Amino acid sequence: MNEVYLGLGSNVGDRLLNLNKAIELLSQKIQILKKSKIYISKAVGYTDQPDFYNMVLYGKTDLSPEELFNFIKDVEKNAGRVYRFHWGPREIDIDILFYNDLVYKSDKLNIPHPRLHERDFVLLPLIELNPKLFHPVLNKRVSDLKEFMENSVIGVL
């Protein structure tokens, strides 16, 4: 079984319901073992939009990285995601943050997520779940990456 950390975010509609629907769908092919708290954050990139609810899941799956990516895209669609524009509002957004200790690049997928260390709404829930988690590209524990992150978290549920 492969260990995966997934980042989830929502800022359109019932954000909590969107996250829960995504978790329900993800659990069809991922054994979800831990869920972080929900972090409320300002949008990054295109900032003229509602605040996000963000969280991180830890789980195990038999899916390969590409199979996981394709499954996640199906989950986003089935959970109601409408593509608007890059960094635009989202009913649900799911990112593969870590997949074992794999470093992987393809045309559509980078693992670990290339900007996770810059985003407090990803890094703080990762630290909550596993502060000793090692970033294989930056060669640091996630708990030692706070120096890089932007501050966009405004609350926790």
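The values are calculated or read from the model by the stated rules, or taken from the named source; none is laboratory data. Bear in mind the structure is a predicted one, so any value in this text is a computation, not a measurement. We place every Cβ from the backbone using ideal geometry, glycine too, and count neighbours over all the protein chains shown.
General observations
- Options 100, 78: the member that is over 16 Å from the mean Cα position of the chain (by Cα), under 16 Å from residue 6 (Cβ atoms) and not hydrophobic (A, V, I, L, M, F, W, C): 78
- Selection of first residues in segment 137-157 that are more than 25 Å from residue 105 (Cβ to Cβ) and touching a residue at least 40 places away in the same chain (Cβ under 8 Å) and of second residues that are part of a helix (DSSP H, G or I) and of a type in the set (Asp, Glu), restricted to Cβ pairs under 9 Å at least 6 apart or on distinct chains, gives the following pairs, ordered by first then second residue: 152/120; 153/120.
- Test: residue 95 is closer than 16 Å to residue 129 by Cβ, at pLDDT 95 or above and of a type outside the set (Val, Ile, Thr): yes
- Within segment 136-157, tally of residues that are part of a strand (DSSP E or B) and more than 15 Å from residue 5 (Cβ to Cβ): 6
- Every condition in (1) over 17 Å from residue 51 (Cα atoms); (2) touching a strand residue (DSSP E or B) at 6+ places or on another chain (Cβ under 8 Å); (3) at pLDDT 90 or above holds for residue 118 except the one numbered (3).
- Applying the criterion of being loosely packed, with under 14 Cβ neighbours inside 10 Å and of a type outside the set (Gly, Ala, Ser) to the residues of segment 38-59, the residue that is farthest from residue 96 (Cα to Cα) is 48.
- Among residues of segment 116-135, those that are surrounded by 15 or more Cβ atoms within 10 Å (Cβ to Cβ) and assigned to a loop (DSSP other than H, G, I, E, B), counted: 2
- Within segment 41-60, residues that are over 11 Å from residue 88 (Cα atoms) reach partners that are acidic (Asp, Glu) with beta carbons closer than 8 Å, at six or more positions or on different chains, in the pairs 41/51; 41/120; 42/51; 56/128; 58/3; 59/3; 60/3.
- Residue match in segment 96-113 (condition: within 27 Å of residue 49 (Cα to Cα), part of a strand (DSSP E or B) and in contact with a helix residue (DSSP H, G or I) (Cβ under 9 Å, 6 or more places away or on another chain)): yes
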